[in-house]
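In what follows, a single structure is set out as structure tokens and then discussed.
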Amino acid sequence: MKGFPDVAGVLTRQQKGRMFAVELKRPNGKTSPEQVAWSMLLHDAGAAVALVRSFDELVQVMREWGELD
């Protein structure tokens, strides 16, 4: 579906069973209106949602969500 996040799944540790969605962007990449709409919809439905621009950002988000030590 146009604009759906690049990676989606289910958290398995501290927030077990909660859906997550991650949009991957290049350092200067822009989100489309469809991507923004999907992110808002998923967030409002209770999913953990993030936009990351580097592997380090992804690791930090996964730590914040309790998936990494």
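What angle do you read, to the nearest 10 degrees and between 0 and 90, between the alpha-carbon axis of helix 33-44 and the longest principal axis of the chain?
30 degrees
Hey, what angle do you get for helix 55-64 against the long axis of the chain, alpha-carbon based, 0 to 90 degrees rounded to 10?
50 degrees
Which label marks the calculated value of Kirkwood radius over Cα pairs in Å, given the options (i) 12.3; (ii) 12.0; (iii) 13.9?
Among (i) 12.3; (ii) 12.0; (iii) 13.9, the one calculated here is (i).
Do any trypsin sites (Lys or Arg not before Pro) in the chain lie in a loop, going by DSSP, with at most 13 other beta-carbon atoms within 10 Å of their beta carbon, and if so which?
Numbers: sites: 2, 13, 16, 18, 25, 30, 53, 63; in loops: 2, 13, 16, 18, 25, 30, 53.
Passing both the DSSP loop test and the Cβ count: 2, 13, 16, 30.
For a quick check: with amide H placed at 1.01 Å from N, whose amide H comes under 5 Å from residue 20's, ignoring anything fewer than 5 positions away on the same chain?
9, 10, 11, 48
With runs of 4+ DSSP H residues as the only contributors, calculate the mean residue ellipticity of the chain at 222 nm using -39,500 (n - 2.57) per run, divided by the residue total and rounded to the nearest 500. Each step should come with its number before you reach the end.
Working: 2 runs with 22 residues, N = 69.
Calculated mean residue ellipticity at 222 nm is -9500 deg cm²/dmol.
Test of understanding: extend the Cα→C-beta vector of residue 58 to 7 Å, then name every residue of region 1-37 with backbone N under 16 Å from that spot.
What the label zone holds, given the 16 Å backbone N cut-off, is 5-11, 20-29.
Bear in mind that the values in this text are calculations on the coordinates, not laboratory data. Since this is a predicted model, take the numbers as computed values, not measurements. In this analysis, Cβ positions are derived from the backbone assuming ideal geometry, glycine residues included, and neighbour counts consider all displayed protein chains.
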